[in-house]
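> Questions regarding the structure given below will be posed in turn.
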Amino acid sequence: MPVRIIPRLDIKGPNLVKGIHFEGLRVLGKPERFARYYYETGADELIYMDAVASLYGRNSLLDIVEKTAREIFIPLTVGGGLRSVDDIRKTLRAGADKVSVNTAALARPELIREAARSFGSSTIVVSIEAIRRADRRFEAFTDFGRECTGVDAFEWALRAVDLGAGELMVTSIDREGTGKGFDLDLVRSIAEAVPVPVIACGGAGSVKHVQDVLEQGLADAVCLASMLHYDYVATHPDNSGDYAGEGNTDFISSGRGFSPVQGTTIPEIKRHLVQQGADCRCAP
Amino acid sequence: MMRDDSPVKPNVAIVDYGLGNLFSIRHACIHVGLDPMVTSSGTEIAGADAVLLPGVGAFGDAMAALERRDLIAPIRESMDAGKPLVGICLGMQLLMSESFEFGRHRGLGLIEGDVRQIDGANHGSRPLKIPHVGWNRVCRPCMNEGEPVADPWTASPLQGLKDGEYMYFVHSYHVVPTDPSVVLSTTRYGDTLFCSSLRRGSVFATQFHPERSGQTGLQVYRNIRDILVSNHERGKHLA
């Protein structure tokens with residue numbers, strides 16, 4: 001089974017943003033440009049995440065989803081601030097193939113069961129965002145790492161699958177945006193224990209990190225942001241200037257790189273993985 | 001990317017019974033120059049040039065939804081008139097005689113055979129993940145040695161695809177047709193070699209999602225369009 005490389009696009013208003021530990025969001029450009037480029041260069045799926053969840057209206061995200069889904073013929077997962085079966089229905093109608101839920105599912109786990117029953121398990125991705133605690137334990141957080149829950153991430157993973165999650169997206173908040181590599185303990189402990197596919201998320205800074213989380217973390221798919229976004233920004237500058245709708249645009253205007261992360265492209269990652277004996281679709 | 005431009009735009013009824021990602025199927029149709037309508041009207045379904053039966057979710061619920069909306073008769077009517085019927089994912093499974101998903105459910109019975117769960121037994125050191133999610137290879141069915149090597153994909157919706165092309169799958173069940181000659185392609189997941197697409201007469205169905213399988217998937221939609229356009233030409237000729 002080929003491993004899946006999944007770019008993750010965090011959206012704030014009309015813009016693609018990227019933070020560190022989900023904080024300090026920088027505007028990187030228009031999400032549609034990134035999405036199209038990733039589609040054309042061999043992305044296996046895309047994930048859109050509303051980075052401000054329900055703090056603002058979500059119509060702009062659904063507009064972006066609709067525009068993207070019209071022209072991009074790979075699976076699209078959308079998440080961030082989905083609270084109810086009705087929110088999920090609206091998101092799927094706008095063109096998402098799958099949705100991811102975290103905060104609302106932890107607040108009311110039955111949401112997973114209801115959503116799986118209404119739309120099929122394979123449509124429901126439960127996102128688990130965890131912070132490492134003492135004794136190699138991990139605690140599940142909500143609201144992009146802002147709220148602790150006291151819930152053990154591993155126990156929560158098992159329960160989410162029992163309730164009907166079709167896939168789990170497992171993010172280390174400690175590593176998110178840092179480029180220091182995935183938290184292999186976190187990913188592996190969950191991937192080994194659950195019968196559904198696990199998408200590893202948070203921390204990729206090099207092609208080697210991707211290889212490690214597949215081989216040692218036993219992930220079925222890998223979610224990438226900084227590595228791909230910073231490379232794309234550097235190689236495909238958007239001179240239209242119309243990205244400056246809102247948010248912190250200092251970074252994009254300055255044209256600086258982001259040193260902890262080795263920028264790369266999906267074909268480069270796949271070429272490396274195939275050389276290491278992995279199976280990849282669209283390998284160059 | 002240019003939209004495919006064809007002088008005739010065959011219309012396709014995408015059956016809306018409340019389940020499945022109709023958006024992506026509709027846009028794949030538009031992209032290749034088909035004229036799709038998402039509909040739960042029996043008249044529209046029976047009157048369209050082709051019927052596309054999508055579906056995500058549970059088999060029993062889907063059959064109940066089709067029955068409740070009186071859509072089974074129009075789907076049969078269209079098929080009996082020789083018009084193409086395309087089943088996708090759960091829509092493929094619904095064509096079969098019966099399914100064993102959460103009990104035992106009768107299907108549309110248009111293709112003889114049943115629907116079974118993917119065998120998730122241990123495969124080496126790691127158990128097989130279910131559902132089967134992701135890209136997998138679609139291959140021509142094995143032929144017995146000595147048989148003439150006619151390409152089964154010629155003039156089918158898989159025409160022009162390379163053997164072993166990747167398509168996107170999301171499913172926990174697969175179909176087992178009684179008559180092996182309807183199997184158009186097979187796919188291996190773990191130790192299970194399953195039927196990933198089938199064809200019998202004007203019925204074609206895929207377990208994978210061609211509308212979510214990039215350019216190779218769009219080729220399947222283009223082939224369907226070409227078949228519909230040539231049906232249209234032939235119809236004109238006969239009239």
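> Quick one: if you stick a label point 7 Å off each Cα along the C-beta vector at A:GLU23 and A:GLU110, how many nm between them?
Between A:GLU23 and A:GLU110, the simple spin-label model gives 3.6 nm.
> Over all directions, the average projected area of the alpha-carbon convex hull for chain B comes to how many nm²?
14.0
> How high is the relative contact order of chain A? Use alpha-carbon pairs under 8 Å, at least six apart in sequence, and give a whole percent.
Averaging sequence separation for qualifying contacts and normalising by length gives 20 percent for chain A.
> Given springs between every Cα pair under 10 Å in a Gaussian network model of chain A, which of A:THR265, A:THR235, A:THR142 has the largest fluctuation?
So, out of A:THR265, A:THR235, A:THR142, the one fluctuating most is A:THR235.
> Shifting gears a bit: Divide, for chain A, the radius of gyration over alpha carbons by 2.2 N^0.38 Å, where N is the residue count.
0.92
> Mind checking the dipole of region B:78-203: about its Cα centre, +1 per Lys or Arg Cβ, -1 per Asp or Glu Cβ, Debye to the nearest 20?
Taking the Cα centre of region B:78-203 as origin, the dipole is about 380 debye.
> Here's something else I'd like to know. Would you list A:CYS282, B:CYS142, B:CYS195 from fewest to most Cβ contacts within 10 Å?
Arranged by neighbour count, lowest to highest, A:CYS282, B:CYS142, B:CYS195 become B:CYS142, A:CYS282, B:CYS195.
> Report the gain in length on full extension from A:GLN276 to A:ARG133: 0.36 nm times residue separation, minus Cα-Cα distance, nm rounded to one decimal.
Extending this stretch completely gives an extra 48.2 nm.
> Something else: Provide the percentage of antiparallel DSSP beta bridges, counting only those with both residues in the protein assembly as shown; round to the nearest 5.
Counting DSSP beta bridges with both partners in the protein assembly as shown, the antiparallel share is about 45 percent.
> Further question on the same structure: Provide the gained length on full extension for the span B:GLU98 to B:ALA73, in nm with one decimal, where the gain is 0.36 nm per separating residue minus the Cα-Cα distance.
Between B:GLU98 and B:ALA73, full extension yields 7.2 nm more.
> Let me ask another. Determine which lysines satisfy two conditions relative to B:LYS129: a Cα distance under 19 Å, and not lying fewer than 8 residues away in the same chain.
A:LYS98
> Going by how many other beta carbons lie within 10 Å of each one, how would you line up B:TRP135, A:TRP156, B:TRP153, fewest first?
B:TRP153, A:TRP156, B:TRP135
> Which whole-angstrom value gives the distance between the alpha carbon centres of region A:126-168 and region B:42-89?
Centre-to-centre (Cα) distance: 41 Å.
> If you don't mind, there's one more thing I want to ask. Can you give the translational diffusion coefficient of the protein assembly as shown in µm²/s, computed by Stokes-Einstein from the Kirkwood radius over Cα pairs at 25 °C and 0.890 mPa s?
It diffuses with D of about 104 µm²/s by this estimate.
> Give me the distance in nm between label points sitting 7 Å out from Cα along the Cα-to-Cβ direction at B:SER181 and A:GLN216, one decimal.
5.6
> What's the ranking of B:182-188, B:24-30 by average number of surrounding C-beta atoms within 10 Å, highest first?
Packing order, densest peptide first, comes out as B:24-30, B:182-188.
> Region B:146-239: Rg/Rh from Cα coordinates, Kirkwood Rh?
Rg/Rh: 1.00.
> Towards the positive end of the charge dipole of chain B, with charges on Cβ (+1 Lys, Arg; -1 Asp, Glu), say which of B:TYR168, B:CYS195, B:ALA13 has the farthest Cα.
The one lying farthest along the dipole's positive direction is B:TYR168.
> Only helical DSSP H runs with n ≥ 4 go in: add -39500 (n - 2.57) per run for the protein assembly as shown, normalise by residue count and round the 222 nm mean residue ellipticity to 500 deg cm²/dmol.
-9000 deg cm²/dmol
> May I pose another question? Could you name the lysines whose alpha carbon sits less than 22 Å from that of A:LYS180, not counting residues in the same chain fewer than 8 places away?
Within the straight-line cut-off, A:LYS180 pairs with A:LYS18, A:LYS208, A:LYS270.
> How many percent of DSSP beta bridges within region A:4-275 run antiparallel, rounded to 5?
Close to 30 percent.
> Please compute the length gained on full extension between A:ARG93 and A:THR235, using 0.36 nm multiplied by the number of residues separating them and subtracting their Cα-Cα distance.
Taking A:ARG93 through A:THR235 to full extension adds about 47.7 nm, to one decimal.
> Hey, another quick one. Under 20 Å Cα to Cα from B:LYS9, which aspartates and glutamates show up? Leave out anything in the same chain fewer than 8 places away.
Answer for B:LYS9, where 20 Å is the Cα cut-off: A:GLU71, B:ASP35, B:GLU44, B:ASP49, B:GLU211, B:ASP226, B:GLU233, listed by chain and number.
> Taking the dipole about the Cα centre of the protein assembly as shown, with the C-beta of Lys and Arg at +1 and of Asp and Glu at -1, give me whichever of A:THR171, A:SER60, B:THR178 is farthest to the positive side.
Of the candidates, A:SER60 comes out farthest on the positive side.
Just so you know, all these numbers are worked out from the coordinates, no wet-lab data involved. Treat the numbers as computed from the prediction; the structure is a model and nothing was measured. Virtual Cβ from ideal backbone geometry, glycine too; neighbours counted across all protein chains shown.
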